[in-house]
Every structure is written in structure tokens, then in C-alpha cells.
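Here the structure comes first, spelled out in C-alpha cells, and everything after it is commentary.
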Amino acid sequence: MWRLNVNEPERDSLWVELKPGVTSLGRGSANTITISDTSASRQHAEILWDNAKDTITIHDLNSTNGTYVNRKRISTVLELRNGDTVRIGRAVLHLTNESGELRRSALGTHFFTREIVLESLDEHAVMIDEVAQKLNAVLDVEDMVREIVAQLKRILVLEEVEVLLAAQFKTLRDSRAVRAIQSRSVEVTEMNMYVPIISSDDVDGLIRLTRRVNSRPFSHRDMGLAVAISHQAVLTLNRLQLLEKNREQERMRELLLRFVSPLEVDYLLKDYLATGQLPELVEQKATILFSDIANSTGIAERIGTKPFASLLTRYYQDVTNVVFRYGGIIKYMGDGIMAAFVSTSSQTVVPQEVRAVQAGMNILNQIKRNDYLLDGEPLVVGVAVNTGPAMVGYIGVGTRAEFNVLGDTVNTASRMESFARPNRLLIGPETLRNIEGRIPAKPFATIDVRGRSAPIQVFEVVGK
């Protein structure tokens with residue numbers, strides 16, 4: 001019994017039993033087998049089964065785009081043999097003889113080698129191109145699995161197709177499936193075929209195909225097609241992993257841009273991509289800047305919540321731009337901000353104390369220059385800068401991490417800021433030591449800080 005297996009994009013696989021005599025092929029509806037591909041002519045080709053001689057021949061009917069047998073365009077009448085492949089446009093027709101097909105059953109173990117993959121891709125190039133187009137459109141693993149199942153069911157007319165990913169292997173009890181994974185081999189039984197999804201080093205998944213009861217056994221051609229699709233699954237997984245990596249990098253970039261300048265983001269991302277985590281809290285020298293709006297509660301009551309929210313947003317934008325300009329890391333604190341300036345490989349030329357004080361001076365100038373007026377009165381802010389040891393880093397997991405700075409240096413800076421109104425810039429003694437000769441300052445006051453046994457001398461910056 002001679003049969004043709006007809007495969008076209010977007011159409012279910014079709015088995016056609018040949019009758020003695022002529023089987024016509026083409027786009028016209030009057031043909032024995034209708035080819036929907038637009039590159040097929042209306043009367044494209046004929047297949048003749050000479051029952052007396054038991055020969056099958058094919059004849060191209062001067063079609064526009066030609067008829068191909070085993071990837072070669074034919075120009076004369078050609079005798080076909082069991083296993084030959086005919087291509088008309090994107091339609092692929094595979095000729096089989098039932099007895100010959102049985103003899104070519106793929107039953108047994110077939111090791112997954114580079115050669116078997118290359119041979120499979122070459123033999124099924126047209127159908128794999130169609131599958132590849134489908135898989136290139138998927139955006140996550142779940143969609144990939146659904147698409148592989150749908151394509152294999154359509155092309156091979158199977159009872160069931162299941163795709164297992166590596167995380168599901170531990171629950172496997174099927175000995176053939178386990179063997180396919182451990183031996184990196186294709187395992188074919190009477191009812192099932194197990195095809196591993198193999199990347200360069202690992203088995204990333206397994207495809208289990210189940211044929212219909214009383215249907216023909218899996219052939220070498222079926223196995224080749226399944227191997228070729230498993231290879232496409234590997235390429236898709238690699239693409240999705242790269243896509244997820246890019247998404248993760250973009251999510252982390254968006255997170256970091258809340259705290260640091262774009263320049264510092266690139267620096268921090270290098271560490272994150274190398275280690276998978278942001279810098280944890282570590283003790284280091286830091287210069288801390290506090291700035292907030294005086295009497296913010298009273299202002300909100302006087303002008304209303306919505307106008308105050310608009311004012312605060314404008315204040316955040318102006319102050320953030322200044323802090324980022326001088327390489328600081330910012331944290332919003334209700335009606336004010338805290339900024340940390342530390343020494344990193346991207347910030348080594350200008351000392352952190354100088355950058356922090358310059359940022360504080362610019363914040364005051366920005367508030368004055370942008371005319372923050374409330375009922376004709378200028379907005380009052382305070383700025384304080386203090387230097388010393390602190391715990392600096394990120395607390396949390398992945399994209400839920402938050403930047404933080406902890407320690408006495410931070411508490412002291414916060415306390416100093418409460419003395420910095422109206423519109424003063426106060427600095428601590430350690431900060432002063434590192435800006436002397438660059439930015440002028442004068443003694444301001446001695447203040448008490450909760451938790452400290454002795455008061456500290458605070459200085460006021462007087463430079464423009």
C-alpha cells in the first residue's frame with residue numbers, strides 16, 4: 001500500500017492512500033490533492049502508480065515554481081521510491097510503502113549526536129522553518145511548551161505530546177524517560193518516543209510522544225522530525241533566557257535609577273550581573289547629606305494636600321538632579337531627602353566630602369533660583385553634611401532591594417540638619433578637614449546629639 005503524508009503550514013498532517021492511476025497535485029480544487037500554498041500552480045504535478053509494474057512516477061506539469069524531489073528540482077518524469085520527499089512550495093509530501101515503512105521502524109535506542117541533529121534539520125528544513133517561525137514569536141516558556149505540543153500533534157498526528165522541563169525530572173518514574181535523559185538518547189518503544197532537549201552541556205527538557213492505538217509505528221522520519229523540533233526548543237530556551245536576563249537587567253536599572261545617577265547605575269550593574277546581587281550593607285567611610293523643608297506639616301495644612309504634593313515633587317526633582325550631578329545616592333524621606341556620597345571606582349577624582357558639600361551649596365542655590373514662594377515668602381530648607389563610618393548598601397532581594405545607610409554618622413547628620421534653618425549648610429568636623437583649602441567654612445555652634453557622650457562642633461559653609 002502506497003501512501004502520501006502531506007504537510008502544509010497551518011494545516012493538519014494528512015495521509016492520502018494512493019490509487020492505481022493518476023493522482024493530481026495543485027492549487028486547483030479539482031486536483032486529487034489540493035495544495036494551498038500560493039507558489040503552487042493550479043495544475044502543478046501528477047503522480048502515476050502503475051499497479052502492474054508496481055512503480056510510482058512523478059511528472060511536473062510545467063509549473064511556475066517547480067517540483068522538488070529530495071531537494072532537487074525535477075525536469076523529466078522521475079520514478080519515486082519508498083521514503084522519497086516531494087516539495088511543492090512549502091507543502092512537503094512524503095511517500096511511504098506500508099511494508100517498507102514497517103521495516104524502517106525506529107524502535108530502539110538512538111544516541112543524540114551532532115550528526116543526527118544536522119541530518120534531521122536538513123531532511124525537514126521546510127517544516128522546521130515553519131516551526132521556527134512559531135517559536136520565535138513566543139515570549140515565555142509556557143507558550144513555548146504549548147507551541148511544541150501543538151506543532152508535533154499537527155505534523156505527526158499523535159495521541160499525546162508532553163514536554164517536561166529539567167525541574168520536573170525528579171518526579172519521573174518512567175524508566176525509558178530516565179534512560180533518555182541519562183544516556184542523552186532518543187528512546188523509541190511500541191507506543192512512545194522520548195526525545196531529550198539537549199543544550200551544549202545539559203539536558204534542559206524531554207519530549208514524550210505517544211502514538212495512537214493501531215496506528216503505524218514511529219519511523220526514522222518521525223524521529224528525525226522530533227529531533228529537529230527538540231533542537232528548535234533549545235534555541236528558543238536560549239533566546240528566552242537571554243530575554244529574561246535583559247528584562248532583569250532593565251528592572252534592576254529602573255530600581256537603581258531611583259537612588260543613583262545613570263553613571264553609577266552602570267557601575268553597580270556590572271557587580272550585579274557578575275554576582276547576581278547588589279552590594280550588601282558593609283561598613284565604609286561615607287559622607288551623608290540631609291535636606292528637608294521646614295514646617296512641612298504647617299505648609300500642607302495651609303496650602304492643601306494636592307498643592308503641597310506638587311511642591312514636594314518639584315523639590316524632589318530639583319534636589320535629585322543636583323545629587324546625581326555630584327555622584328550621590330539618594331533616598332527620599334517624606335518631606336526631605338538623604339544622600340550618601342562614597343568613594344567608588346567611578347568617583348575617585350573629587351573627594352566625597354567636596355562633592356557632598358558642593359551638592360549642598362547647589363541645593364540651596366536651586367531653591368533660591370527657582371523661586372519657591374509660598375504666599376510671597378521663600379521656601380525655607382536646611383542642609384547638613386557629615387562624614388564618618390557607616391553601614392552602606394542594599395537591603396532586600398533582587399528588584400525588591402532598597403538602598404540604606406545606617407549608623408552614628410547618619411544620626412548626627414540628621415540632628416545637624418535641624419539646626420540648619422533658614423537655608424544654611426552645616427557640616428561636621430570630619431567633613432571640614434577634607435574640604436579645607438577648597439570651600440570656606442566658619443564655626444557655627446556646639447550641639448548635642450542623642451546617644452553621644454559629648455557635644456560636637458558644627459561649622460557653616462560660607463562659600464557661594
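The values are calculated or read from the model by the stated rules, or taken from the named source; none is laboratory data. Please read all numbers here as calculations on a predicted model, not as lab measurements. Neighbour counts run over all protein chains shown; Cβ positions are idealised from the backbone, glycine included. To get the accessible areas, we keep the full protein, side chains included, count just its heavy atoms, and leave off ligands, DNA and RNA. Shrake-Rupley method; radii C 1.70, N 1.55, O 1.52, S 1.80 Å.
Does Ser29 meet the test of being open to solvent by 10 Å² or more (accessible area, probe 1.4 Å) and either in contact with a Gly (Cβ under 7 Å, 6 or more places away or on another chain) or outside any strand (DSSP E or B) (or both)? Yes; evaluated as a whole, the condition is true for this residue. So which residues in the range 175-190 are surrounded by fewer than 15 Cβ atoms within 10 Å (Cβ to Cβ) and more than 14 Å from His110 (Cα to Cα)? Result: Ser175, Glu190. Applying the selection to the range 31-64, what residues are under 19 Å from Arg11 (Cβ atoms) and free of Cβ contacts under 8 Å to residues at least 40 places away in the same chain? Asn31, Thr32, Thr34, Ser41, Arg42, listed by residue number.
Taken together, the residues in the range 141-168 that are closer than 21 Å to Asp201 by Cβ, in contact (Cβ under 8 Å) with a residue 12 or more places away in the chain and open to solvent by 40 Å² or more (accessible area, probe 1.4 Å) amount to 3. Can you name the residue in the range 244-263 that is modelled with pLDDT under 80, over 15 Å from Gln317 (Cα atoms) and basic (Lys, Arg) and is also farthest from the chain's Cα centre (by Cα) among such residues? For the range 244-263, the residue satisfying everything is Arg253. Under the condition of being of a type outside the set (Lys, Arg), open to solvent by 30 Å² or more (accessible area, probe 1.4 Å) and closer than 18 Å to Asn423 by Cα, the residues counted in the range 301-316 number 1. Residue-level check: of (1) more than 29 Å from Pro217 (Cβ to Cβ); (2) open to solvent by 70 Å² or more (accessible area, probe 1.4 Å), Arg71 misses just (1). Ala340 meets the stated requirement of being hydrophobic (A, V, I, L, M, F, W, C) and touching a Gly at 6+ places or on another chain (Cβ under 8 Å).
Residues of the range 195-211 that are open to solvent by 10 Å² or more (accessible area, probe 1.4 Å), in contact with a helix residue (DSSP H, G or I) (Cβ under 9 Å, 6 or more places away or on another chain) and in a strand (DSSP E or B): Ile198, Val203, Asp204, Arg208.
Just wondering, is there one or more residues in the range 212-228 that are polar (S, T, N, Q) and modelled with pLDDT of 95 or more? Looking through the range 212-228, none of the residues is polar (S, T, N, Q) and modelled with pLDDT of 95 or more. The single condition among (1) open to solvent by 10 Å² or more (accessible area, probe 1.4 Å); (2) under 17 Å from Gln151 (Cβ atoms) that Asn214 does not satisfy is (2). For the range 217-242, residues that are in contact (Cβ under 8 Å) with a residue 40 or more places away in the chain, within 29 Å of the chain's Cα centre (by Cα) and open to solvent by less than 50 Å² (accessible area, probe 1.4 Å) total 10.
Output yes when any residue across the range 447-460 is part of a loop (DSSP other than H, G, I, E, B), under 25 Å from Leu379 (Cα atoms) and open to solvent by 70 Å² or more (accessible area, probe 1.4 Å), and no when none is. Scanning the range 447-460 turns up no residue that is part of a loop (DSSP other than H, G, I, E, B), under 25 Å from Leu379 (Cα atoms) and open to solvent by 70 Å² or more (accessible area, probe 1.4 Å). Could you go through the range 337-350 and let me know if any residue there is open to solvent by 10 Å² or more (accessible area, probe 1.4 Å), among the small types (Gly, Ala, Ser), over 31 Å from the mean Cα position of the chain (by Cα) and on the phi > 0 side of the Ramachandran plot. There is no residue in the range 337-350 that is open to solvent by 10 Å² or more (accessible area, probe 1.4 Å), among the small types (Gly, Ala, Ser), over 31 Å from the mean Cα position of the chain (by Cα) and on the phi > 0 side of the Ramachandran plot.
Criterion applied to Glu460, Glu402, Glu436, Glu377 was being of a type in the set (Asp, Glu) and modelled with pLDDT of 90 or more, and the one residue passing it is Glu460.
Just one of the numbered conditions (1) under 27 Å from Gly224 (Cβ atoms); (2) loosely packed, with under 13 Cβ neighbours inside 10 Å is not true of Val16: (2). In the set (1) under 25 Å from Met193 (Cβ atoms); (2) modelled with pLDDT under 90; (3) among the charged types (D, E, K, R), the condition left unmet by Asp54 is number (1).
When the residues of the range 435-446 are filtered to those that are of a type outside the set (Val, Ile, Thr) and open to solvent by 50 Å² or more (accessible area, probe 1.4 Å), the one that is nearest to Ser414 (Cα to Cα) is Phe444.
The helices (runs of 4 or more DSSP H) falling completely within the range 88-192 that include 2 or more residues that are within 28 Å of the chain's Cα centre (by Cα) map to 114-123, 125-136, 141-156. Of all the criteria given as (1) part of a loop (DSSP other than H, G, I, E, B); (2) open to solvent by less than 20 Å² (accessible area, probe 1.4 Å); (3) closer than 15 Å to Leu93 by Cβ, the one not satisfied by Ser36 is (2).
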